[in-house]
Amino acid sequence: SYFSKEGLEYNFGRVPIAGTDFSTRDYSYNDGDEDSQLSNFKLANEDYEYKIPLIKAARNLTRGKLELFCTAWTAPKWMMNNVVFVGPDYIKTSMYQPWANYHLKFLKAYKQEGIDFWGITTGNEPFAMGILPSSLISFVGWKLLQMRKWVAENLGPTIRNSEFSHLKIMGMDDQISFFPWYIDVMFKDERIREYIDGFALHWYFNGIFSYSHLTETHNKYPDKFILSTEACEGFNLLKSHVLLGEWKRAESYAKDIIKDMNNWVTGWVDWNMALDITGGPTYIYNHVDSPIIVNKTAGEFYKQPMYYALGHFSKFVPKGSYRISINKLNEIDVVAFTRPDNSTVIVVMNSNDHDVDVGIKDGNNVAEIFDVDSRNGFSVGVEDIFVLVNAVVHVNADTEMYVDPVIACNTIDNNTIRPDQERLDPPIKLPTDTVSLRRAVGMFAHYSKRFTIDTDA
């Protein structure tokens, strides 16, 4: 569903270094007594039974084009000041180099299993978790000056002087609220600049703080990239963690990607690719939502609207694309790219409750004005003036339907599947200029002329 040509064509992923808050237990790769030489370091059963086999399967589906970066949440207890796995805690100063060596040991262990990495971060949410008064979340927290010292004197030299010197080292790996002022302080130590290739961003404060923080960061440090490395819905304690079929969560994903891309972010990584119907497993009860939800009891899984929102980007904006300027309308969210094949893709989303007229002009080629239906999104290929449409709406939970990210699927009229449209293979050549789709679910089609979408959903 995620990595194949028939799926979302993912080509990038994050691999946790040992346990996270979505593990079933708290663990590191060197538990037990103090061992600063890391002589007892070893991968866990989770690596051999799940992570490594799944990574290799995903890599095969991408025909070897899968790139990975790794991130640590927690360290061995004996490296920490409080000797616990939970709550705000910090690495002992005497363990700065063993902690850097721990990362190196992980890279070597995975290399022995045939898995290489593209990049590594300086740690998951080191600053937010270093100041939040949580007693549950497993993490290594950092104070800003201590992080600066560790990267400059330990992690940076350790990686650059190893066989993994090519790795992209990403700083921050935290919220937009820390951009760019934490970076400003970090870079006051000139040694940091030669080690940090880019900045990793988590989405949880996006929208609360202006996306302009990202453009400001780019303008200050144009030689460093920004990569969004974690996002999820359902973390709000006042709302249900898992909401099957919730379209607003798809909108929030698409809106964030569009705004990130328009502010110099170069990629976007989801958090959990699949969770159970409770939003877990998670040993600290940190339940959230996911684009794919697994119902183990029923032996089935559900592709959520978030899944299809992601497909508008992952399937049509391949690696090597460049964002280009576009005249934007205030009422819609839009971003445009030039792909490596020199075609142009425009991703548009209308999250209003009313339709919006949009026109596309590319040089001397002009497409007729068309309607963007309320609460809908689509991707437009400008090269031959064709439009790729995705209309996703709610239907009754007990209605069965075929859903696929790359081909047309059933249309629903009064909650009844019309058998004459059970499955259509793209590209679809429609005989008329105008098509009316009522309650379409996951509908992708090519249009060569003007079109409208009319739905009462």
Scan of the range 163-183 for residues that are open to solvent by less than 30 Å² (accessible area, probe 1.4 Å) and either acidic (Asp, Glu) or farther than 30 Å from SER210 by Cβ (or both), ordered by number: PHE164, LEU167, ASP173, ASP174
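Please find, among GLU246, GLU300, GLU251, the residue that is in contact (Cβ under 8 Å) with a residue 40 or more places away in the chain, farther than 18 Å from SER228 by Cα and acidic (Asp, Glu).
Values: GLU300 fails: in contact (Cβ under 8 Å) with a residue 40 or more places away in the chain; GLU251 fails: farther than 18 Å from SER228 by Cα.
Step by step, each of GLU246, GLU300, GLU251 is checked, and only GLU246 is in contact (Cβ under 8 Å) with a residue 40 or more places away in the chain, farther than 18 Å from SER228 by Cα and acidic (Asp, Glu).
Take the residues of the range 124-156 that are assigned to a loop (DSSP other than H, G, I, E, B) and under 18 Å from TYR96 (Cβ atoms): which is modelled with the lowest pLDDT?
Residues of the range 124-156 assigned to a loop (DSSP other than H, G, I, E, B): 124-127, 132-140, 142-143.
Going one step further and asking which of them are under 18 Å from TYR96 (Cβ atoms), we end up with 124, 126-127, 139-140, 142-143.
Numbers: ASN124: 95, PRO126: 91, PHE127: 88, PHE139: 83, VAL140: 90, TRP142: 92, LYS143: 91.
Applying the filter and picking the extreme gives PHE139.
Any chance you could count how many residues in the range 12-28 are part of a loop (DSSP other than H, G, I, E, B) and either basic (Lys, Arg) or surrounded by 16 or more Cβ atoms within 10 Å (Cβ to Cβ) (or both)? Full working, then the answer.
Residues of the range 12-28 that are part of a loop (DSSP other than H, G, I, E, B), as a first pass: 18-28.
Filter once more, so that each one left must be either basic (Lys, Arg) or surrounded by 16 or more Cβ atoms within 10 Å (Cβ to Cβ) (or both): 18-23, 25-28.
So the count comes out to 10.
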Top-ranked residue of the range 294-316 - restricted to ones that are surrounded by fewer than 22 Cβ atoms within 10 Å (Cβ to Cβ) and of a type in the set (A, V, I, L, M), ranked as farthest from LYS255 (Cα to Cα): ALA298
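Just the residues that are among the polar types (S, T, N, Q) and open to solvent by less than 10 Å² (accessible area, probe 1.4 Å), please, taken from the range 60-81. Even if it seems obvious, please write down each step before you answer.
Going through the range 60-81, the residues among the polar types (S, T, N, Q) turn out to be 60, 62, 71, 74, 81.
THR71, THR74, listed by residue number.
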Pairs where the first residue, in the range 335-364, is open to solvent by 50 Å² or more (accessible area, probe 1.4 Å) and the second is assigned to a strand (DSSP E or B) and at pLDDT 85 or above, C-beta under 8 Å, 6+ apart: ARG339/VAL345; ASP362/THR344
Residue list for the range 208-235, restricted to those being open to solvent by 40 Å² or more (accessible area, probe 1.4 Å), of a type in the set (Phe, Trp, Tyr), farther than 25 Å from CYS70 by Cβ and modelled with pLDDT of 95 or more: none
Tally, over the range 29-67, of residues that are among the basic types (Lys, Arg), under 30 Å from SER1 (Cα atoms) and not in a helix (DSSP H, G or I): 2
Close pairs from the range 223-237: first under 8 Å from TRP268 (Cα atoms), partner at pLDDT 95 or above and open to solvent by 20 Å² or more (accessible area, probe 1.4 Å), Cβ under 6 Å, at least 6 apart: LEU227/THR266; SER228/TRP268; GLU230/TRP271
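May I ask you to verify whether ILE324 is at pLDDT 85 or above, surrounded by fewer than 22 Cβ atoms within 10 Å (Cβ to Cβ) and closer than 29 Å to LYS5 by Cα? So that I can check it myself, show each step before the final result.
Numbers: at pLDDT 85 or above: yes; surrounded by fewer than 22 Cβ atoms within 10 Å (Cβ to Cβ): yes; closer than 29 Å to LYS5 by Cα: yes.
Yes; evaluated as a whole, the condition is true for this residue.
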Subset of the range 236-253 [closer than 17 Å to PRO305 by Cα and open to solvent by 10 Å² or more (accessible area, probe 1.4 Å)]: SER240, HIS241, VAL242, LEU243, LEU244, GLY245, GLU246, TRP247, LYS248, ARG249, GLU251, SER252
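The values are calculated or read from the model by the stated rules, or taken from the named source; none is laboratory data. A quick note: this is a predicted structure, and the numbers were derived from the prediction, not measured. Cβ sites come from the backbone with ideal geometry, for glycine too, and all protein chains shown count toward neighbours. For the accessible areas, the whole protein counts, side chains as well, though only heavy atoms, and no ligand, DNA or RNA atoms are used. Shrake-Rupley method; radii C 1.70, N 1.55, O 1.52, S 1.80 Å.
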